[in-house]
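Novice: Handing you this structure, nothing more for now.
Here, each number is a calculation from the coordinates, and none is a lab measurement. Note that the coordinates shown come from a computational prediction; the quantities given were computed from them, not determined experimentally. Cβ placement follows ideal geometry from the backbone for every residue including glycine, while neighbour counts extend to all protein chains displayed.
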Amino acid sequence: MMQNPPVLALPSAKPKLTLLTLPAEIRNQIFEYVLIPGAVYIHAPPDGDLPIKETSSIISAPSNHFSLLAVNRSIYEDYATCFYRRNTFYFPEGPVGYAYSYYTKLKPEHQRLIQHLGIRLSLADLTPAVLDQMFKPTSSAPLGRPRGQQRDIRTFRLSCLKSLRQIWVPKLMLMDHIHRFGGSTDTEGLRSVRVEGALSKPLLLTGEELKVQLEKVENEEIYEPFHKGGKELKELITTVQGYASGLIEANLARIGEKETIAWMKNLPAWCR
């Protein structure tokens with residue numbers, strides 16, 4: 001009687017290796033490296049409307065790899081909280097209205113997850129739109145003058161510094177408002193606010209410390225923007241104002257008012 005030949009077992013196919021099938025510990029390390037660059041920058045969406053893919057349109061970081069959150073719902077549900085809680089979200093340059101407008105384009109559930117906010121005080125806050133408003137040749141402008149008439153260096157410089165202060169203080173107060181009323185779902189609100197500026201060591205404040213330092217803001221002179229209770233913040237702002245003042249004055253003396261305004265409009269933000 002013939003016996004059936006033995007059946008050779010074929011080697012089983014190896015399971016397909018994907019990001020989601022990696023061991024949890026390794027997968028978490030990968031996502032932490034990719035999704036927590038430390039600094040995330042809020043900016044305007046191209047069309048001014050709330051985009052479908054929020055993370056790729058109104059926020060950016062050195063790597064921009066956080067678009068991984070949009071790959072599928074599983075990744076989003078597992079790692080979105082980590083992304084929004086652990087990074088520092090920086091306001092865009094320009095007046096407080098821009099910062100508030102772009103911040104509120106983040107989804108409300110994402111705003112509530114944010115625990116760390118940042119701001120960089122610089123000449124970049126004098127955006128082209130701000131400069132056009134400041135220097136338009138009409139009597140209604142803050143620095144209105146007859147067309148063709150030049151300002152002296154001191155008037156031009158102090159006007160720029162005054163405008164910078166009128167931008168910086170409300171943006172810091174907006175951070176305080178977010179801490180009190182619209183920040184993290186945790187009872188303590190924002191965990192930290194990072195304030196940066198040229199030639200200055202970054203200042204890291206808790207939400208409560210920022211609140212205390214801003215409570216006594218009054219209409220001080222241009223180099224005295226804060227009460228004694230905000231000494232560290234005042235010193236940082238004074239240093240940044242001094243740096244901006246030197247840049248403006250040097251360029252006014254070298255190339256004149258018109259070219260200085262053009263230089264301020266075109267200078268890359270990281271140089272300011």
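Novice: Counting only residues 5 or more places away or on other chains, whose amide H sits under 5 Å from the amide H of Leu121 once H atoms are built in the peptide plane?
Specialist: Those lying under 5 Å, H to H, from Leu121 are Glu196, Gly197.
Novice: Report the Cα centroid-to-centroid distance between segment 97-112 and segment 153-181 in angstrom, as an integer.
Specialist: 20
Novice: With r defined as the distance between the Cβ atoms of Arg180 and Asp78 and R0 fixed at 30 Å, what FRET efficiency is calculated, to the nearest 0.05?
Specialist: 0.45
Novice: What is the extension gain from Met173 to Gln133, computed as 0.36 nm multiplied by their sequence separation minus the C-alpha to C-alpha distance, in nm to one decimal?
Specialist: Working: separation 40, 0.36 × 40 = 14.40 nm, distance 2.30 nm.
Full extension from Met173 to Gln133 adds 12.1 nm.
Novice: In this model, which of Lys136/Lys265; Lys162/Lys211; Lys105/Lys136 are farther than 25 Å apart at the alpha-carbon? Each step should come with its number before you reach the end.
Specialist: Working: Lys136/Lys265 14 Å; Lys162/Lys211 23 Å; Lys105/Lys136 30 Å.
Those over the limit are Lys105/Lys136.
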